[in-house]
Amino acid sequence: MKIGFITERMLRGFGVDLVIDQVAGGLAARGHEVTVFASVSDESFQPGRYELKLIPTPAYAFFPRYDLSAQRHLKYLNGEDIDIWLVQTFPYFSYLPRLKAPAVAVVYGVSSTAGFPARIRTNFAYVNFMQNQIYFRFARRLTSISSFLRDGLPRGIARKTEVIHLGADHYVNAAGRDTPAEAVALRRELGVDDDDLLLLYVGRLSAADQPYKGTAELVELYSRLHRQNKRLRLLMVGFGGPREREWLTANGVLVLENAPAEQMPAIFSACDLYLTGSRWEGFDLPLVEAQSFGKPVVALDIGAHPEVVAAGRSGFLASGMDELGDAVLRLAGDEQLRADMSQAALEHAGGFLWENTVTAYERLLKEVL
């Protein structure tokens, strides 16, 4: 098959971009001719197995105009020798009614807008309406990264949507699960003692830019927990800058902003458990990545979390921040429980392999054709 992906970007640090790289590379490795068309790329993903072509699209703060600006590339894309399209992101879902080759839309969800200013809430409402009520109706089929997202679609669209969970073994495949020397070196560099319990969060660091990630609440929770157990240390890893570093370090949090992908295996290996206070997730890839390294996880019982955590076995899902803190303290005080959940986390993560994801995509694309 000649498969075309259409996406807004291919940049380091974005989950969707990593997913596209893994699926496109996996399909190419199986002999398919794969091209990824993206508006922007920072060359973090070196295709090798697939071709990357740019379709520069000016981004506008007013999303209807952004949607309209994407139309400039439609004629070009229809002239490409493609058997089937995988349309990944806004503003390119507007192509679905007019693409000549059959198209499958991929549903990553529209995040919660709680805490955002009115302008952003309006833009997100526009995207949600246009995708769910208009554009998705023109897709031959749809895939969703979770049942949670599929179940939120209009009934007619949900019926033609297949849930394909993501893989999470990319860091393990790249570096192996056992990186003790690197993990020990990282703990030393961070000033974490051998008997400290290192909590890890991976994601956006800003409390203002994406408030649903719950970083402000997480930092507040950590301050309370640290007063109760001085052995607890929190490491937060992700996109950020001087503003985030100053805020986090002032609250006793360890920070690694913009960590390279090559360092992530050591980061996951160095932690003792994974912790997030996110209030909305369509999947939550870092939560599964942590389990792939055998780390117990603690998260809120929201979104797709019940699908990606074996609650009570590989980690705890809490109803609120107080219960989240109780789970951390319970794990901190019970070494055997951490060991049991570590083993369960490894077993549970074995169900989230990129090989399985690529197989499901390949089968679906063949069915559509």
- Task: Identify all residues within the stretch 307-316 that are free of Cβ contacts under 8 Å to residues at least 60 places away in the same chain and either within 17 Å of Lys213 (Cα to Cα) or aliphatic (A, V, I, L, M) (or both); write none if there are none.
- Result: Val309, Ala310, Ala311
- Message: Condition first: more than 18 Å from Ile20 (Cβ to Cβ) and modelled with pLDDT of 95 or more. Now tell me which residues in the stretch 102-121 satisfy that.
- Response: Pro102
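Let's see how each residue does on (1) assigned by TED's automatic domain parsing to the domain that holds Val40; (2) closer than 20 Å to Thr357 by Cβ; (3) within 23 Å of the chain's Cα centre (by Cα):
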position: Ser69; (1), (2), (3): yes, no, no
position: Glu80; (1), (2), (3): yes, no, no
position: Phe90; (1), (2), (3): yes, no, yes
position: Leu99; (1), (2), (3): yes, no, no
position: Tyr108; (1), (2), (3): yes, yes, yes
position: Ile145; (1), (2), (3): yes, yes, yes
position: Gly152; (1), (2), (3): yes, no, yes
position: Arg155; (1), (2), (3): yes, no, no
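Quick one: which helices (runs of 4 or more DSSP H) sit completely within the stretch 170-285 and have at least 2 residues that are modelled with pLDDT under 90? Steps first, please.
Working: elements: 170-175, 180-190, 215-228, 242-250, 264-270.
Counting at least 2 such residues, we get 170-175, 180-190.
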- Which members of the stretch 237-279 meet the condition of being among the aliphatic types (A, V, I, L, M) and within 20 Å of the chain's Cα centre (by Cα)? Val237, Val255, Leu256, Ala259, Ala261, Met264, Ala266, Ile267, Leu273, Leu275
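Do you know which of the residues in the stretch 191-216 that are among the aliphatic types (A, V, I, L, M) and free of Cβ contacts under 8 Å to residues at least 12 places away in the same chain is surrounded by the most Cβ atoms within 10 Å (Cβ to Cβ)?
This residue is Ala216.
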- Message: Being touching a strand residue (DSSP E or B) at 6+ places or on another chain (Cβ under 9 Å) and outside any loop (DSSP other than H, G, I, E, B): is that true of Ile157 here?
- Response: yes
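Just a yes or no: is a residue in the stretch 217-229 of a type in the set (Ser, Thr, Tyr), crowded, with 23+ Cβ neighbours inside 10 Å and in contact with a helix residue (DSSP H, G or I) (Cβ under 6 Å, 6 or more places away or on another chain)?
From the stretch 217-229, those of a type in the set (Ser, Thr, Tyr) are 222-223; that's our starting set.
Now drop any that are not crowded, with 23+ Cβ neighbours inside 10 Å, which leaves 222.
Filter once more, keeping what is in contact with a helix residue (DSSP H, G or I) (Cβ under 6 Å, 6 or more places away or on another chain): none.
No.
Do we find that Val298 is in contact with a helix residue (DSSP H, G or I) (Cβ under 9 Å, 6 or more places away or on another chain), buried (at least 18 other Cβ atoms within 10 Å of the Cβ), among the β-branched types (Val, Ile, Thr) and free of Cβ contacts under 8 Å to residues at least 40 places away in the same chain in this structure?
So Val298 fits the description; yes.
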- Counted residues, the stretch 88-115 - those being touching a Ser or Thr at 6+ places or on another chain (Cβ under 8 Å) and β-branched (Val, Ile, Thr): 4
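Within the stretch 293-303, is even one residue in the same structural domain as Leu218 (by TED's automatic domain parsing), within 20 Å of Leu18 (Cα to Cα) and within 14 Å of the chain's Cα centre (by Cα)?
At the first step, the residues of the stretch 293-303 found to be in the same structural domain as Leu218 (by TED's automatic domain parsing) are 293-303.
Of the ones still in play, those that are also within 20 Å of Leu18 (Cα to Cα) are 293.
Keeping just the survivors that are within 14 Å of the chain's Cα centre (by Cα) gives none.
No - not one qualifying residue is present in the stretch 293-303.
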- Task: Tally the residues that are within 28 Å of Gly115 (Cα to Cα) and among the charged types (D, E, K, R), restricting the search to the stretch 260-306.
- Result: 5
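What helices (runs of 4 or more DSSP H) lie completely within the stretch 316-369 and have 3 or more residues being acidic (Asp, Glu) and over 17 Å from Asp272 (Cα atoms)? Show your work before the answer.
Values: elements: 321-332, 335-349, 354-368.
Correct list: 354-368.
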- Note on Val288: of the conditions (1) over 20 Å from the mean Cα position of the chain (by Cα); (2) closer than 27 Å to Gln343 by Cα; (3) modelled with pLDDT of 95 or more, unmet is (1)
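The values are calculated or read from the model by the stated rules, or taken from the named source; none is laboratory data. Owing to the predicted nature of the structure, the values given are computational and were not obtained by experimental measurement. Quick reminder, even Gly has a Cβ in these numbers, built from the backbone with ideal geometry, and neighbours come from all protein chains shown.
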